[in-house]
């Protein structure tokens, strides 16, 4: 068993205060999926130590995991910013998107399950969101579709035909409505198809598709649950 310190990129998902000065910080790493760390202090001014700005949702870090971590919580030996965001943590809309994204991703991954491809997709999504030309109105939809791909329930867009509806149980488009309630209307279905092609639907349809994509993920990933930051996101995008 390799006991040497492990260096890895990581995306911060959440930080919860523990005791007087400590924090439990959960991160997404490409080789280990979800990892929980005990950070004893965020006040140190020494180089290579964790600071408050480094535990904001969707911060990208380059960390060294201590080899002799005890218990289920790992310990960070050294940490440095991997990506310096220009707008993500300054713009209130983008910060809300980061909070939403962090919650969604944390519910979509698990400990000990590597997924470098999904990690890279999330990294690319963050870089796009940090740019001045980011399409914020459909950013959540793009993220949720990446989550669908990660979970193995990406819609079969190759089955789409004009006036077809999307069956959320089968993940396919069909000519007629199924005998259950989980399907999108023809109007919503074509909007979903066009969204993946880069076309922005109307505000009403965007809101509807956001709810339906979250519902679609819950159908295929039962432990996904409720997204607490959704209502805040709705308010700020209204």
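What follows is calculated from the coordinates using simple rules that are stated; it is not laboratory data. Bear in mind that the values here come from a model prediction, so they are computed numbers and not experimental data. Note that each Cβ is placed from the backbone with ideal geometry, even for glycine, and that neighbours are counted across all protein chains shown.
Descriptive notes on the structure:
- Look at the alpha carbon pairs under 8 Å that are at least 6 residues apart: their mean separation over the length of region 6-81 gives a relative contact order of 33 percent.
- Rounded to the nearest whole angstrom, the semi-axes of the ellipsoid equivalent to the chain, taken from the Cα gyration tensor as √(5λ), stand at 36, 19, 15, largest first.
- Protection proxy ranking of 53-65, 172-184 - average other beta-carbon atoms within 10 Å, highest first: 53-65, 172-184
- Summary value for the chain: 16 percent relative contact order, contacts being C-alpha pairs under 8 angstrom separated by 6+ residues.
- Rounded to 10°, Cα long-axis angle of helix 116-130 versus longest principal axis of the chain: 80
- Between helix 186-196 and the chain there is an angle of about 40 degrees, using the helix long axis and the longest principal axis of the Cα atoms.
- Projected label points at residue 116 and residue 51, each 7 Å from Cα along the beta carbon direction, are separated by 3.1 nanometres.
- At q = 0.15, 0.24 Å⁻¹ the log10 of I(q)/I(0) for region 6-81 amounts to -0.42, -1.20, computed by Debye summation with a single uniform scatterer per C-alpha, solvent ignored.
- Per residue of the chain, the DSSP helices (runs of n ≥ 4 H) give a summed -39500 (n - 2.57) that works out to -10500 deg cm²/dmol at 222 nm.
- Angle of helix 139-151 to the longest C-alpha principal axis of the chain, folded into 0 to 90 degrees and rounded to 10: 80°.
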